[in-house]
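Since the structure comes first, as structure tokens, the remarks are kept for the end.
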Amino acid sequence: MTEQEYFNRVETARRHISGGQLETAGRLLTEMYAYKPTRLLWFVAKAEYILRKDRNPEAALKLLDGKYFLGDDYPGLKECMKLRSKAYRQMGRKDDSIREDYLYQRACGRNCARLEGEVAEALEAVASDAEDEEALRALAGALYHTSDPAAYFIVYMELIRRGCMRRTDHWVHQLRNFGYLEEKIAAEEPGAFILVMDEYLDRSLEILGHLLSCFGHRVYLLTPPLTFETEGRVDLRETVSISMGQAERYPDMCVIPPVALTEGGAAYGDNRDYIIDHICREESPRDHAVVLCSGFLLEDLYTRAGLRGRMGRLSLYESDICEEKVQFGWAGSYLSYISDIYGYDVRQDLEREPEVDFSIVIPARNSSATLRYTLQTCLRQRYQGSYEIVVSDNSVDGSTEGYELCRELNSPKIRYVKTPRSLTLPKSFEFGYLQTRGAFVLSIGSDDGLLPWGLEVIKAVLDQYPEEEILLWERGFYAWPGFNGGQENMFVIPRQYAKEQVGAQYLPTEYLLDLLAKDQQMMYALPMLYINSGFQRRYLKTLLQKTGKLLDGVSQDIPIAIINCCIHERVLSMIYPITIAGMSSASIGYLNNRPDGEKETKQGQIGKTMFQQENLGIYVFGERERRLLPVGADTCDLYIALSRAVEEGLLAEEDADRVLNWETAVTRIVETFSIENEIYDLMIHRNLLTARTLCAEHYGRFRAVCEQALTPRYISADAVKRQRAVKTYVEEPNAQGGETLDASSYNVHNVRQAVELFSTRTGL
């Protein structure tokens, strides 16, 4: 079936729906759902069917939620937005209907002068009388209609503060990191807000600044830069005193004029990044501020020298049309930023002196069924020295299973800590690391295993290399029953080992990156500080010193591995197994890479919650990171991490290009994304636009790959089930003297038994 034939059949179903032939339409839609990928137009037709048959606009909207991308006019988008507007009107939600119409018009490049004019009029009305409640309500409505969520949210919060509006949960509260913005605005302790004007935003920022001052916050407004011609280059840091000297301090805000410099008529920079850094360091008690500006300017600011490592984007990129609106991020000290998330000053943790030899960190989330066996492997260590097992419980829905399990095991080595709130996976690991009291820290997941000699061997190596902050080792692999169909029960011993011959050696990180360029699977051999490596606790300070951050990334493993390779010339490695990487059906990574239709279990919904519904502490991709398809797979995380390292100034662009072959990357990333995933169409078109705007030189290749990926193909549900049931591995020895086995043949049903089998087979 060609793409056009696919669309023709879907359009036929839509005509049947409009003509009232619902039974015929339903059969045709069911037939077309077997053709993958499922296109946006099919979801539109299904939503129309629901609206006509069940007269349920809420269900129709829910079906379309998250299925489309506002950045380019692609097949089905026009129909999707019109239907959403219609559904909102039927629900009596006129404001949402207007917003949907506005977004579609903007996505198609059409003029929305009337609605934009309403925003301008409302701004002037509030500027004339900031106490006018009706003017403020009108401004909130205009900002809502033009989909300016951050600006709307500030006005909305002010209306609540005045008692003019009641807080209600709606779509704005679910936007990523808006929970953080809400907490910062409503905080009793005054904070610093820095608003930066540019060609897209001026008057609105002035009004928002005044509203933020009503909450008692210190507000700094940076006006558009004043341009000066110089004879020769001037260090922009030296111009900060000029800008601050010209600052005008009013009761509600401090207005600061930045400086832009030219030489021979050519601009070579401005000092806005250095001003922001100065405000954080000198005028904010906690070296911290929230920055508000256009998305375009925000992308520019956090990559500048004055803020490198001291700024991060928090509002999610949606499309270029939204980048003209108010976006927000944090600036200043990363420790202050995460202290807000965790609810206490984390600096005390960084300064803590070790109390035991080792800390084994196990972040857990509603995973007590597998955690039990992971803990058993940690408790059965040969090591006679001191160690602790930190169970960092990030469970949701009020679950106490983790706590009850720790009580049941009743070991003084187990230290249970509850996360202060529901955290994303990287933040859950970061929080766990901060809770440790061990001199050396290693982390494993709640379905992984620690081999019985693990701590004993690590201690012996550390005694020989006390100055090394990172230690890398090998790991086995075990797929729990029920994992990934044909991969379940897979058990791997990487190579043949000799007892107590650990083979400690230094590996140049340049060598590791060279290997990575040849084989992307080598990413699992990089020092991830999780499952395959650990670190001296003092390394947290080193990491902060060299990067400005701790575990700030899209995941807890691949990004930190790339960073470690960027800031170290070499890493100490053992050719010896210490851990077993377990993969179970409860693994968050596994749940979020399965087709959406298979995520209806409670655990699956928990997995989706971590990445899609939390609104605080979530990592947001920068401009370079968006160049490739963010599908949540490890391959994608690798490419994103390399792009991020360049963005952070940790890796030279030519080195990243050497490791990252764009043509290969495009193909591999598309291949990692399941064609059965219901947002496949969205992701392809989103990234076609990204490729066109950010890496035009590779666009032709990217488009060819994506067009092929979108070719409809019939996929039988029964065939899929049969395929997943087929064993995807071969039981055989490998060239290094290791072996791959079916663990079930050895009566292995959990990771503790997998550890026992590993011990028996290796004799270690």
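The values are calculated or read from the model by the stated rules, or taken from the named source; none is laboratory data. From a predicted model like this one, the values you see are computed outputs, not experimental measurements. Note: ideal-geometry Cβ built from the backbone for every residue, glycine included; neighbour counts use all protein chains shown.
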Sole residue being more than 27 Å from the chain's Cα centre (by Cα), crowded, with 17+ Cβ neighbours inside 10 Å and not hydroxyl-bearing (Ser, Thr, Tyr), chosen from 226, 236, 298, 307: 236
Failed condition for residue 431, given (1) in a helix (DSSP H, G or I); (2) more than 20 Å from residue 554 (Cβ to Cβ); (3) hydrophobic (A, V, I, L, M, F, W, C): (2)
Filtered residues of the range 341-370 (kept if closer than 19 Å to residue 401 by Cα, surrounded by fewer than 24 Cβ atoms within 10 Å (Cβ to Cβ) and touching a Leu at 6+ places or on another chain (Cβ under 6 Å)): 368
Lone unmet requirement of (1) surrounded by fewer than 23 Cβ atoms within 10 Å (Cβ to Cβ); (2) within 24 Å of residue 703 (Cα to Cα); (3) modelled with pLDDT of 85 or more for residue 660: (3)
Verdict on residue 327 being part of a strand (DSSP E or B) and touching a residue at least 24 places away in the same chain (Cβ under 8 Å): yes
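For (1) on the phi < 0 side of the Ramachandran plot; (2) modelled with pLDDT of 95 or more, each residue gets a yes or a no:
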position	(1), (2)
59	yes, yes
92	no, no
111	yes, no
128	yes, no
131	yes, no
143	yes, yes
151	yes, yes
154	yes, yes
169	yes, no
The listed residue being of a type outside the set (Lys, Arg) and closer than 25 Å to residue 6 by Cα, out of 88, 74, 102: 74
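Would you say residue 764 is touching a Lys or Arg at 6+ places or on another chain (Cβ under 6 Å) and crowded, with 16+ Cβ neighbours inside 10 Å?
Yes: the conditions hold for residue 764.
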Helices (runs of 4 or more DSSP H) lying entirely in the range 490-576 (those with 3 or more residues that are within 24 Å of residue 450 (Cβ to Cβ)): 539-547, 558-567
Contacts under 8 angstrom Cβ, first residue in the range 78-89 being aromatic (Phe, Trp, Tyr), partner in a helix (DSSP H, G or I), 6 or more apart: 88/57; 88/61; 88/94; 88/96; 88/97; 88/100
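Per-residue answers, yes or no, for (1) modelled with pLDDT under 90; (2) within 30 Å of residue 660 (Cα to Cα); (3) not assigned by TED's automatic domain parsing to the domain that holds residue 564:
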{"position": "478", "(1), (2), (3)": "no, yes, no"}
{"position": "485", "(1), (2), (3)": "yes, no, no"}
{"position": "491", "(1), (2), (3)": "no, no, no"}
{"position": "507", "(1), (2), (3)": "no, yes, no"}
{"position": "510", "(1), (2), (3)": "yes, yes, no"}
{"position": "513", "(1), (2), (3)": "yes, yes, no"}
{"position": "516", "(1), (2), (3)": "yes, yes, no"}
Odd one out for residue 198, checked against (1) closer than 21 Å to residue 220 by Cβ; (2) in contact with an Asp or Glu (Cβ under 6 Å, 6 or more places away or on another chain): (2)
Whichever residue in the range 29-49 is buried (at least 20 other Cβ atoms within 10 Å of the Cβ) and of a type in the set (A, V, I, L, M) and, among such residues, is farthest from residue 13 (Cα to Cα): 40
Spans of helices (runs of 4 or more DSSP H) in the range 1-79 with at least 2 residues outside the structural domain of residue 680 (by TED's automatic domain parsing) and of a type in the set (Lys, Arg): 3-18, 40-53
Pairs where the first residue, in the range 553-578, is without any contact (Cβ under 8 Å) to a residue 60 or more places away in the chain and the second is outside any helix (DSSP H, G or I) and among the small types (Gly, Ala, Ser), C-beta under 7 Å, 6+ apart: 560/553
Residues that are surrounded by 19 or more Cβ atoms within 10 Å (Cβ to Cβ) and in a loop (DSSP other than H, G, I, E, B), drawn from the range 154-190: 176, 177
Scope the range 435-488; condition within 23 Å of residue 540 (Cα to Cα), part of a loop (DSSP other than H, G, I, E, B), in contact (Cβ under 8 Å) with a residue 12 or more places away in the chain and not acidic (Asp, Glu); matching residues: 435, 436, 437, 444, 445, 446, 465
Test set (1) in the same structural domain as residue 10 (by TED's automatic domain parsing); (2) over 27 Å from residue 686 (Cβ atoms) - residue 96 fails condition number: (2)
Unique match (being touching a residue at least 60 places away in the same chain (Cβ under 8 Å) and not acidic (Asp, Glu)) among 215, 178, 153: 178
Within the range 199-236, tally of residues that are touching a Cys at 6+ places or on another chain (Cβ under 8 Å) and at pLDDT 95 or above: 5
